Amino acid sequence: MAATKLLFILVQISTINLIINTTSGSASATLPKFPAILVFGDSTVDTGNNNFVTPTTLVKADHLPYGQGFPGRVPTGRFSNGKLLPDFLAGYLGIKDVVPPYLDPKLSNNDLQTGVCFASAGSGYDDLTTAVTGAITFSKQLDNFKEYIVRLKGVVGVEQAKKIISEALVMLSAGTNDFILNYYDIPTRRYQFNNIGAYQDFLLKALQNHIKELYNQGCRQMVVAGLPPIGCLPIQITATFNNPFDRKCLEDQNSDSQAYNQKLVKLLTTLQGTLPGSRIIYADVYETVIDMVNNPQKYGSLKFYNINSFSCLMHHIVFKQSIMSHNRFYRNKQRMLRDWVCGSCRPM
C-alpha cells in the first residue's frame, strides 16, 4: 500500500512540474495565475462524481480502503489513498486545496468560480466505453460543462464568467479505459476496427472534437495527458498470465501506448496552430511510470513496486476468481456490445 501510494505521488509531482514549467515558460519563472481549474476525464482525475451517478455505475470509490490519506481519512470518491492530481495542482497554483466534483449538490458559489471536476471513473473519449462501466460519457461531461457555464454566469455575470473560463486551466485525462474495455479485454471495437492504429485514430478524432468544443465554449489553456504504459497495469498483466509467479509487462500494449502518444503530440501541436489564442500542452505520463517499473531502485521505498510482489499476486488470485464467478455476465455483455456495434455499422 505504501509503495503504491508513493508511486502515485511521484507520478503526480512529475506531471505537476511538467505542467508548471510548460505553462510558465521555464522552471524558474513565476507560477502562472489561473483563476480556476476545470477537469475532464476518467478515474485518474475524478474527484467524486461517480458517487452521485446512481444507480447506473458500480465504479465507485466511496468505501475503504480509499481515502486513508485524505484529510479526515474518509473515502471521497477519489480512486486514491488521498488527493488526485487536480487537487495537488490546484493547491500548488494557489487556487484551492481540493477540486470538488460538479455533481456534488453542496457546491458553493465559490466552488463554481474557482473550478470543478466533471470527470467520471470508467469513462473515456469513446462514449461506448461507458456501456460497460455505466459512467458519465465524455459527451455528457461536456454537456455538464455547458450547464456549469450557465450557473457561473448567474453568479458572476456574463463577462466575468467568460474571463474565468478563458483563463482557467483545463485538464483532460482519459483513454486507458477505451483500449482496455473496447479493444484488449472486451474486443468490441475490434469488430469495427481491424487494427489498433485505426482505433487510435478514431479516439484521437473524438478527442479532437472534444477539444474544439471546449474551445468553442471559451476554454483557451488546456493540458492533455497521454497514456501510461497500459501493458504494465496489474489488471492487464493479471488478465493475461495464468501463473501468478510468472508475470511481466505486455510489450505489445506498451508499444501501442507509445504509438498513440506520438500521434497525440502531433495532434495537439496541429490543434494549437489552428485554434487562435489557445495553448494546448501534452503531459507525458508514460516515461515517468515506465522508469519506475524498470528502475524501482531509483525510487527508494518503491523497491517493493514489483509486478511479482505479494500485492500483485493477491490481485491476480482475486481477479481470476472474479472472472470465473462472473464469466457468464461478461460473455453476455460482450455479445450485447458486439451486436450493438456491428448493427450500427451495417449499411442502412
With the condition kept exactly as written, say whether any residue in segment 32-55 is modelled with pLDDT of 90 or more, of a type in the set (V, I, T), open to solvent by less than 50 Å² (accessible area, probe 1.4 Å) and out of contact with any helix residue (DSSP H, G or I) (no Cβ under 8 Å at 6 or more places or on another chain). yes
Can you run down the residue pairs with Cβ atoms below 7 Å, 6 or more apart or on separate chains, where the first is in segment 138-156 and within 19 Å of D46 (Cα to Cα) and the partner is open to solvent by 40 Å² or more (accessible area, probe 1.4 Å)? F138/D127; S139/D127; L142/E213; F145/Q217; K146/Q217
Which residue pairs have Cβ atoms under 6 Å apart, sit 6 or more places apart or on different chains, and have a first residue in segment 221-245 that is more than 20 Å from N261 (Cβ to Cβ) and touching a residue at least 12 places away in the same chain (Cβ under 8 Å) and a second that is buried (at least 23 other Cβ atoms within 10 Å of the Cβ) and among the hydrophobic types (A, V, I, L, M, F, W, C)? Q221/L169
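Can you tell me which residue in segment 61-79 is modelled with the highest pLDDT, limited to those that are in contact with a helix residue (DSSP H, G or I) (Cβ under 7 Å, 6 or more places away or on another chain) and surrounded by fewer than 20 Cβ atoms within 10 Å (Cβ to Cβ)?
To start, the set of residues in segment 61-79 that are in contact with a helix residue (DSSP H, G or I) (Cβ under 7 Å, 6 or more places away or on another chain) comprises 62, 69, 77.
Next cut, surrounded by fewer than 20 Cβ atoms within 10 Å (Cβ to Cβ) only: 62, 69.
On the way: D62: 92, G69: 88.
Checking each candidate, the answer is D62.
The values are calculated or read from the model by the stated rules, or taken from the named source; none is laboratory data. Because the structure is a prediction, the values reported are computed rather than measured. Quick reminder, even Gly has a Cβ in these numbers, built from the backbone with ideal geometry, and neighbours come from all protein chains shown. The protein model used for the area step is the full one, side chains on, heavy atoms only, and it has no ligands, DNA or RNA in it. Shrake-Rupley method; radii C 1.70, N 1.55, O 1.52, S 1.80 Å.
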